[in-house]
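The values are calculated or read from the model by the stated rules, or taken from the named source; none is laboratory data. Not measured: the values here are computed from a predicted model. Quick reminder, even Gly has a Cβ in these numbers, built from the backbone with ideal geometry, and neighbours come from all protein chains shown. To get the accessible areas, we keep the full protein, side chains included, count just its heavy atoms, and leave off ligands, DNA and RNA. Shrake-Rupley method; radii C 1.70, N 1.55, O 1.52, S 1.80 Å.
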Amino acid sequence: MQILNYINGALQAPLNNNWLDNPEPATGKVYSQIPDSDSDDVQMAVTAAKEAFPAWAALSRAERSDLLRKLSDLILKNLDTLAAAESRDNGKPLWLAKRVDIPRAAENFRFFSNAVLQWHDEAHHMDGHFINYTTHQPIGVVTCISPWNLPLYLFSWKVAPALAAGCCVVAKPSEVTPMSAFLLSQLCIEAGFPPGVFNIVHGTGPKAGDAMINHRDIKAISFTGGTKTGAYIASKAAPLFKKLSLELGGKNANIIFADCDWDKMMKTTLRSSFENQGQICLCGSRILVHRSVYEKFKTEFAEKVKALKVGDPHDDTVRMGAIVSKQHFEKILSCIELAKQEGGTVLTGGNAIKLEGRCEEGWFIAPTVIEGLDQNCRTNQEEIFGPVVTIQPFDTEEEAINYANATEYGLAGSLWTQDISRAHRVANKVESGILWVNCWLIRDLRTPFGGMKQSGVGREGGMHALEFFTEAKNVCVSL
Ligand code: NDP
């Protein structure tokens, strides 16, 4: 099967007719091919987007909103097909794609179809002498580049506000997980999007992605991915004065105080450590536990982690599926070796898992818990982005905060305590874009989302995301 680019309203092969293999992580077998697009395909998409822009920007908000809502409905109507594609491409359990990824992708389009209708401009009077009003005009053609871990969800998180704001989009999903974006392009045709408004160019970051970020007609870049790639993109975009939103890596702390609701904490910590094989930027990969309950936590957690079922993503009883690619599988295993060399003790996991039958060649890793490492070592400093967590005891609130803030990242964190004052105190001192107290992964799309420090710049979410894709224009009138 061949995945096709979506350019100027039509599905088409890459102009160079070069293709890349797309393997299924659970089986290790190639099951489709994707375009290895280059700057010619990107140029074609940008030209189409530029031509479509004036008419799209001139549509009423209600008309754009209607189309986005239609797309959201189509995603839900095709939930099973999209979830199967997402699970096959990514290795995640099918039930997870059905329950989380696809419904949230539909919600992204629905949310921004509503948000754009509520969006209002501002006016300011200057003591009756002048009046200023500020309007937000769509910035033009923009690019949205997304990673492989939550493919359709993160892709739609960028594309939906851009389209709602009136921009035309040239987007690239990760080459590792292109299938759900391809299905989305078919749904866009069914929904009746005007040609050129939304274009999807498949291919690698260094080729297709690079052509997008360097293109002079691309006015803004919304990127989610690794910090290194983000830094590279920023270095290219800054001299061209492109607007930039970077949602980057994390090394999130999960702080557990002795007075927490233990069962709720334990259940959620299993999820926040290993959901999606630990490949969620918001997963808590450094667990910090008050010393008074450290031994209790360590024993119970390791036991429960050991019992997590790893297996075929089709099996509804598995908790964890396959790692997204062979390359990433090998990287995670090398990180575990590094942790051992740094003096860490593997409490459970630490190994690849060989399954039988359909998945015998798949890339599976046992959920892994490591203790005995301080916060300065590479294992606790560098993002692993897999089913590997470290645990460490702390003695005081201050120590917990210092440990939590001990990395260059600042994306997310969680905190478990029943003490309301402490919850607010600690939440305000942990350097992260979002901090969950007694919960995890709850997202209110009205709030700004993104990280501090090297986890990114340019918070998106709610009206902020719509604003990102616009130029604010101020008009000052003498009365
Ligand atoms: P990468 O940074 O490797 O890639 C992200 C996207 O950028 C992919 O589509 C990739 O294409 C593309 N890309 C790579 N190089 C370039 C380039 N030179 N120019 C333009 N585009 C390029 O990240 P991963 O896909 O490995 O995703 C994992 C990372 O994403 C983790 O660090 C994770 O923390 C982060 N992430 C952050 C989130 C957040 O909200 N802050 C959410 C989810 C993930 P290709 O795949 O073809 O290389």
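In this structure, is L79 open to solvent by less than 50 Å² (accessible area, probe 1.4 Å), without any contact (Cβ under 8 Å) to a residue 40 or more places away in the chain, of a type in the set (A, V, I, L, M, F, W, C) and in the same structural domain as F193 (by TED's automatic domain parsing)? Spelling it out, L79 is indeed open to solvent by less than 50 Å² (accessible area, probe 1.4 Å), without any contact (Cβ under 8 Å) to a residue 40 or more places away in the chain, of a type in the set (A, V, I, L, M, F, W, C) and in the same structural domain as F193 (by TED's automatic domain parsing). Every test in (1) out of contact with any Ser or Thr (no Cβ under 8 Å at 6 or more places or on another chain); (2) within 16 Å of the ligand (Cβ to nearest atom); (3) in contact (Cβ under 8 Å) with a residue 12 or more places away in the chain; (4) more than 30 Å from R99 (Cα to Cα) is passed by T345 save one, and that test is (2).
Does A123 meet the test of being assigned to a helix (DSSP H, G or I), among the hydrophobic types (A, V, I, L, M, F, W, C) and either touching a strand residue (DSSP E or B) at 6+ places or on another chain (Cβ under 6 Å) or open to solvent by less than 70 Å² (accessible area, probe 1.4 Å) (or both)? So A123 fails the test. Every listed requirement among (1) open to solvent by less than 10 Å² (accessible area, probe 1.4 Å); (2) under 22 Å from Y294 (Cβ atoms) is met by T345 save one, (1). Annotation note: of G311, G284, G278, G321, the sole residue that is closer than 30 Å to D210 by Cα, modelled with pLDDT of 95 or more and under 25 Å from the mean Cα position of the chain (by Cα) is G278. Does K264 satisfy the condition of being basic (K, R), at pLDDT 95 or above and not assigned by TED's automatic domain parsing to the domain that holds E371? The answer is no for K264. The number of residues in the stretch 349-377 that are open to solvent by 50 Å² or more (accessible area, probe 1.4 Å) and within 19 Å of E295 (Cα to Cα) comes to 2. If you go through the stretch 396-450 and pick out every residue that is small (G, A, S), in the same structural domain as I256 (by TED's automatic domain parsing) and touching an Asp or Glu at 6+ places or on another chain (Cβ under 7 Å), you end up with 1.
The residues of the stretch 1-51 that are assigned to a helix (DSSP H, G or I) and surrounded by fewer than 22 Cβ atoms within 10 Å (Cβ to Cβ), listed by number, are S39, D40, Q43, M44, T47, K50, E51. Does the stretch 399-416 contain at least one residue that is open to solvent by 50 Å² or more (accessible area, probe 1.4 Å), under 21 Å from T299 (Cα atoms) and more than 22 Å from the chain's Cα centre (by Cα)? No, the stretch 399-416 has no match at all. Of all the residues that make up the stretch 252-275, how many are open to solvent by less than 10 Å² (accessible area, probe 1.4 Å), within 28 Å of the chain's Cα centre (by Cα) and either more than 20 Å from G433 (Cα to Cα) or charged (D, E, K, R) (or both)? Counting residues in the stretch 252-275 that are open to solvent by less than 10 Å² (accessible area, probe 1.4 Å), within 28 Å of the chain's Cα centre (by Cα) and either more than 20 Å from G433 (Cα to Cα) or charged (D, E, K, R) (or both) gives 3.
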